[in-house]
Amino acid sequence: MRKIAIINQKGGVGKTTTTVNLAAALALAGCRVCVIDLDPQAHASTHLGVELDGTLPSLYDVLVSGRPMAAVRRDVGANLTLIPADINLAAAEVELAGVVGREVILREALTGMIEGDGQPASQANAYDYLLMDCGPSLGVLTINALAAADEVFIPLQPHFLALHGLSKLLETTALVSRRINPQLVVTGVVVCLYDAATKLAQEVVADLHAFLARSRGTSVPWAAAKVFETKIRRNIKLAECPSFGQNIFAYAPKSTGAADYAALAMEVMGDAAPLRVETARLVVETPPGHAATRQTTLQPVV
Ligand code: ADP
Ligand code: MG
């Protein structure tokens with residue numbers, strides 16, 4: 001199982017859009033995916049069609065009351081499960097302030113879920129991908145995600161000052177890796193809201209490559225981090241689909257947004273990617289070739 005925290009302390013950079021649509025693409029490719037919503041704003045939950053009113057169990061009950069994950073999770077599609085958030089989560093930061101070991105509550109709860117909460121591990125608890133959508137802060141909720149994850153994906157919007165704040169974010173991963181989770185690595189940066197026509201976007205991506213290149217061969221968690229080849233272009237359909245509680249493949253399968261997230265999923269899966277994924281609405285094809293040069297073509301099924 002790959003456990004991936006999707007973080008950036010800046011808001012509006014594409015964390016939730018990436019979590020939900022990458023999760024949907026991986027699920028379409030036949031992977032079993034669990035999304036954990038760690039943002040009190042609960043945008044990922046809403047996007048996946050689950051809106052809690054504060055009375056039903058959520059991740060809050062797992063973190064603060066020790067409720068098992070299995071009692072909170074919901075199936076939100078084929079191969080796709082959600083641990084939802086709600087506004088109660090906003091209080092978790094304060095309520096956990098004096099709790100010893102508060103940084104690793106999610107990690108322990110996950111171990112419980114995967115091992116079946118005392119029961120023998122079952123197929124129902126097995127996932128190929130766990131995607132954790134974080135809120136716009138580096139507080140205790142994001143630290144819980146970093147402590148539970150093996151990998152970090154950083155969505156980034158290529159505008160002026162985009163790299164500003166990245167060092168702080170990376171330092172946080174270094175701190176977590178030193179103190180709580182030595183396995184943690186930053187896999188890569190996903191460039192979102194990309195506009196290839198602008199010089200600025202291209203300059204930011206070049207700066208990003210140069211920035212990451214300076215850490216190669218060191219022992220920091222981002223020493224091997226890459227900029228994902230797939231850039232997520234600005235696409236109005238991606239902005240529209242959350243209000244329908246639908247992912248991009250259900251809402252607009254022929255959009256560039258669907259093509260980009262399908263390509264990103266193929267890149268994330270790497271050599272494990274199937275050559276062809278077919279659904280009622282979509283074919284995703286990976287031409288044979290070296291993983292690094294794979295390209296994804298996406299055509300609607302006619
Ligand atoms: P974050 O979770 O980092 O705060 P979101 O994923 O919620 O960011 O994205 C911020 C806003 O931008 C949302 O309204 C979302 O629908 C929109 N958005 C995200 N990615 C794209 C894109 N590639 N094209 C157009 N709109 C996008
Ligand atoms: Mg978000």
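Taken over the chain, lysine pairs spaced eight or more positions apart, or on distinct chains, with alpha carbons under 20 Å apart number 13. Take the Cα of LYS199, step 7 Å toward its Cβ, do the same at LYS226, and the gap between the two points is 3.0 nm.
Which order do HIS159, HIS164 fall in if you start with the one that has the fewest other Cβ atoms within 10 Å? Walk me through the numbers on the way to the answer.
Working: HIS159 13, HIS164 9.
Taking fewest neighbouring Cβ atoms as first place, the list is HIS164, HIS159.
Using the Cα coordinates of the stretch 56-98, the gyration tensor eigenvalues translate into equivalent-ellipsoid semi-axes of 22, 10, 7 Å, sorted from longest to shortest. Projected onto planes of every orientation and averaged, the convex hull of the alpha-carbon atoms in the stretch 1-144 covers 7.9 nm².
Counting DSSP beta bridges in the stretch 1-130, what percent are antiparallel, to the nearest 5?
Of all bridge pairs located within the stretch 1-130, approximately 25 percent are antiparallel.
For the chain, averaging the sequence separation of C-alpha pairs within contact (under 8 Å, six or more residues apart) and dividing by the residue count gives a relative contact order of 21 percent.
Here the label points at ILE236 and ARG214, each 7 Å from Cα along the C-beta direction, are separated by 4.0 nm in the simple model.
How many nm is it between the label spots at ASP75 and GLU95, if each spot is 7 Å from the Cα in line with the beta carbon? Distance between label points: 2.9 nm. With contributions of -39500 (n - 2.57) from each DSSP H run of at least four residues, the per-residue ellipticity at 222 nm computed over the chain stands at -10000 deg cm²/dmol. Look at LEU131, LEU184, LEU59 and count the other Cβ atoms within 10 Å of each Cβ; fewest to most, that gives LEU184, LEU131, LEU59. Note on the chain: Cα convex hull, mean projected area over all directions, 15.5 nm².
Counting only DSSP beta bridges with both residues in the chain, what percent are antiparallel, rounded to the nearest 5?
Values: 10 of 36 bridges.
In the chain, DSSP labels about 30 percent of beta bridges as antiparallel.
Along its first, second and third principal axes, ordered by size, the stretch 213-264 spans 44, 18, 15 Å in Cα coordinates.
When the Kirkwood radius is taken over all Cα pairs of the stretch 119-212, what Stokes-Einstein diffusion coefficient follows at 4 °C and 1.567 mPa s, in µm²/s? All intermediate terms of the calculation are to be shown ahead of the outcome.
Values: Rh = 15.1 Å.
My calculation gives 86 µm²/s for D.
Every number here is computed from the coordinates shown, using simple stated rules; none is lab data. It should be emphasised that the depicted structure is a prediction, and the values quoted were computed from it without experimental measurement. FYI the Cβ positions are ideal-geometry reconstructions off the backbone, even for glycines, and counts take in every protein chain you see.
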